[in-house]
Amino acid sequence: MKKSHLLLPVDTTELDESLVEDLTKLFHPKGFILSILHVTAIPDMTWRDYDDLVSNNQDNSDGKTIDKSKEGTEPEFNQQAKGLEELLLKQLEASKMSFEAKGFEVNCNIVFGEAAREIVRFAESKDSDLIIMSKHNRKSLPRLNMGSVTERVLKTAKVPVLLLRPIAGT
């Protein structure tokens, strides 16, 4: 039997333990693969540079052409980001262990870029069956209560999105 893929984007590397309990109640851990995803900004780059790098052979803002199709070459920001990625993955390890203790098969992922866009891309690339997002519990206008990243993911994702509200006081 093929396991379903759940995507859990997190906006910090510390996960609320109540979320672990909620997901365990909603999903039988043995039937799912859970990907925890943290999207972070690209170090020392502008968004214009990033947009140029995501397409092969695009001119960079400094006039250089970056050809990602050549084997063995990496955009310069990948070299700068490796240390940050390793640090963030270590910080996600506690969350991974919490879910594994409940029986989930878990992998942790760090992606650099704009959060909503990268969440949707990751979900599509992994053939995710469901994106699980936590609704922020802030006192604001109802439409803004979701958070702009969550709202953009809801509008652009091709897979279902489950919104979970944090328990009051957590």
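The values are calculated or read from the model by the stated rules, or taken from the named source; none is laboratory data. Keep in mind that what you see is a predicted model, and the values were worked out from it rather than measured. Please note: Cβ atoms are built from the backbone with ideal geometry, for glycine as well, and neighbour counts cover all protein chains shown.
Miscellaneous remarks
- Of all residues making up segment 94-116, the number that are within 19 Å of LYS3 (Cα to Cα) and among the polar types (S, T, N, Q): 2
- Screening LYS139 against (1) over 12 Å from VAL39 (Cβ atoms); (2) at pLDDT 95 or above; (3) surrounded by fewer than 18 Cβ atoms within 10 Å (Cβ to Cβ) leaves a single unmet condition, (2).
- Residue pairs whose Cβ atoms lie under 7 Å apart, separated by 6 or more positions or on different chains, with the first residue in segment 93-121 and free of Cβ contacts under 8 Å to residues at least 12 places away in the same chain and the second crowded, with 17+ Cβ neighbours inside 10 Å and of a type outside the set (S, T, N, Q), are GLU100/VAL106.
- Subset of segment 27-61 that is loosely packed, with under 13 Cβ neighbours inside 10 Å and in a helix (DSSP H, G or I) - its residue that is modelled with the highest pLDDT: LYS30
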